[in-house]
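Taken together, the values in this text are just the output of simple stated rules run on the coordinates, not laboratory data. This structure is a prediction, so every number in the text was calculated from the model and none was measured. Here Cβ is always computed from backbone atoms with ideal geometry, including for glycine, and neighbour counts include all displayed protein chains.
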Amino acid sequence: MTILYVATDQTVPGATGGSVHVQAVAEGLAARGQTVHVAARPGPGGFPSSSKVSWHALEPPMGIGQLRWLRAGQVVALARRLGPRVDVIMERYYNFGGEGMIAARRTGARAVLEVNAPIVDYPGSPKRTLDRLTLVQPLRRWREWQCRVADLIVTPSARIVPAGARGRVLEIEWGADTERFRPHASGPAPFEREPDDVIAVFVGAFRRWHGTVRLVAAIRKLRARGHSKIKAVLIGAGPELAAARAEAEGVGGVIFTGALPHDRIPAALAAADIGVAPFDASVHPPLAIDFYWSPLKIFEYMAAGLPVVAPDLPRLREIVRPGQDGLLYDPEDPEGLVNDLARLEDETLRGKLGGSARERVVTHFSWAAHCQRLETAIVKLAAGSGQCASS
């Protein structure tokens, strides 16, 4: 089967969740014997060289994501060049995209829409307000068209797609590369540690809802209580970095590494003891629809054999079993994160939870498992035997 994967606003390889996702899915499907072509933006050093995937350089005009849809003609031409037939065109959804869906309609390929952010509007959405001012609501109409023409919608949460499309949804989590992310992964760590240190690591984009300031504040409280073993290593960059650094002033044991290439993250996690995902869903309005993230960092923490500390939210409970794979704290309790970190000074508890986390992610949340389920759905779709219902 020939698959054309359209992700023209993603840079591959890259360190963002979207970039990692695109590369992992493309390579995972290719490893399962499918012929995979990807239209994306190449990284500074070009596309991955050792991949079984065929990469095609294509990005939005002038690099502007809002103009992605203007690449429809080039995607159609690419699909026709790949003849005699592309069986499936899978597009990574973006409100201003749709070039993959257009190409599927014009070439007769089956259309798969991969949705990782809300298509439905959340309460108070500025985009919704602006759209309604135009009376004809072009943004809503365009995204609903994309959903209508998709034969299959692949998403972590059916609640973020229009209700009328939910009968064509495959609910599926993201994953981790459990070969690269593992306990004792080799490579230099981006920080130094003393023998008695307990390292709590955060990896991410430093957005407000990622909760990095909360993590630093928790370390401040732990130090004030005499817990000197626990240190925090924060890996990444983004708009909340300055606030996190300000919170860390005068606090010992907080290390900022800056952004790192994704291929350095396995060694960084292997050198840590606890994986922290201190999400603050209350400050990110789109999460009022659902906690729709399929959190890459949590899967990678688990694959590295780290116990996870995160807020106790329904979707996260489906991934991290409280008391088995990690500790989930009440997000309304200002001491919840602090107390869970303190509990994980216990090396025996860390080992028990981390070992269970590793087993769980290998079985249920690897990229290999993701691609196996995805392949099953799209092979069935390409064979014309119906669409996959939500599961």
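All other residues whose Cβ lies under 10 angstrom from that of Leu152 are scored, Lys and Arg at +1 and Asp and Glu at -1, for a net of +1.
Each of the peptides 359-365, 96-102 was scored by the mean count of other Cβ atoms within 10 Å over its residues; in descending order, highest first, they stand as 96-102, 359-365. The peptide list 214-223, 192-201, put in order of mean Cβ contacts within 10 Å with the highest first, becomes 214-223, 192-201. Take every pair of alpha-carbon atoms less than 8 Å apart whose residues are at least six positions apart; their mean separation over the length of the chain yields a relative contact order of 16 percent.
Structural size metrics of the stretch 162-227, computed from C-alpha coordinates, are Rg and Dmax of 18.9, 56 Å. Within the same chain, aspartates and glutamates fewer than 8 places from Lys221 are excluded, and of the rest, those with a Cα less than 16 Å from its Cα are Glu247, Glu249, Asp333, Glu335, Asp340, Glu345.
Mind running the shape call on the stretch 272-391? Use the C-alpha gyration tensor, a ≥ b ≥ c as the square roots of the eigenvalues: rounded below 1.5 for a/c, prolate if a/b tops b/c, oblate otherwise. Taking the square roots of the gyration eigenvalues as a ≥ b ≥ c, the stretch 272-391 is oblate. Give me D for the stretch 333-388 in µm² s⁻¹, whole number, from Stokes-Einstein with Rh from the Kirkwood sum over alpha-carbon pairs, 37 °C and 0.692 mPa s. It diffuses with D of about 226 µm²/s by this estimate. Per residue of the chain, the DSSP helices (runs of n ≥ 4 H) give a summed -39500 (n - 2.57) that works out to -10500 deg cm²/dmol at 222 nm.
Bridgeable aspartates and glutamates around Lys380 (alpha carbons under 15 Å apart, same-chain partners fewer than 8 residues away excluded): Asp87, Asp151. Quick note on the stretch 1-125: its Rg to Rh ratio, both from C-alpha atoms and Rh being the Kirkwood radius, is 0.96. Projected label points at Ser49 and Arg317, each 7 Å from Cα along the beta carbon direction, are separated by 4.9 nanometres. Cross-link partners of Lys297 among lysines, defined as those whose alpha carbon lies under 22 angstrom from its own and excluding same-chain residues fewer than eight positions apart: Lys231, Lys352.
Each semi-axis of the equivalent ellipsoid for the stretch 214-310 is √(5λ) with λ an eigenvalue of the Cα gyration tensor; in descending order they amount to 22, 19, 14 Å. Here the chain has an Rg and Dmax of 21.4, 68 Å, counting Cα atoms alone. Taking the Cα atoms of the stretch 13-82, the ratio Rg/Rh between the radius of gyration and the Kirkwood radius comes to 0.97. Using the alpha carbons alone, the radius of gyration of the stretch 95-247 stands to its Kirkwood radius in an Rg to Rh ratio of 1.12. Near Ser356, once Lys and Arg are set to +1 and Asp and Glu to -1 for all other residues with Cβ below 14 Å from its Cβ, the sum equals +3.
Computed over the stretch 155-198, the alpha-carbon pair-distance distribution with 5 angstrom bins reads 5, 15, 14, 12, 9, 9, 9, 10, 9, 6, 3, 0, each value a whole percent.
How would the stretch 198-364 be classified by its alpha-carbon gyration tensor: rounded, prolate or oblate, with rounded meaning a/c under 1.5 and the a/b versus b/c comparison settling the rest? Rounded shape, in that the Cα axes give a/c under 1.5. A protection proxy built from the mean count of other Cβ atoms within 10 Å ranks the segments 232-244, 57-69, most packed first, as 232-244, 57-69.
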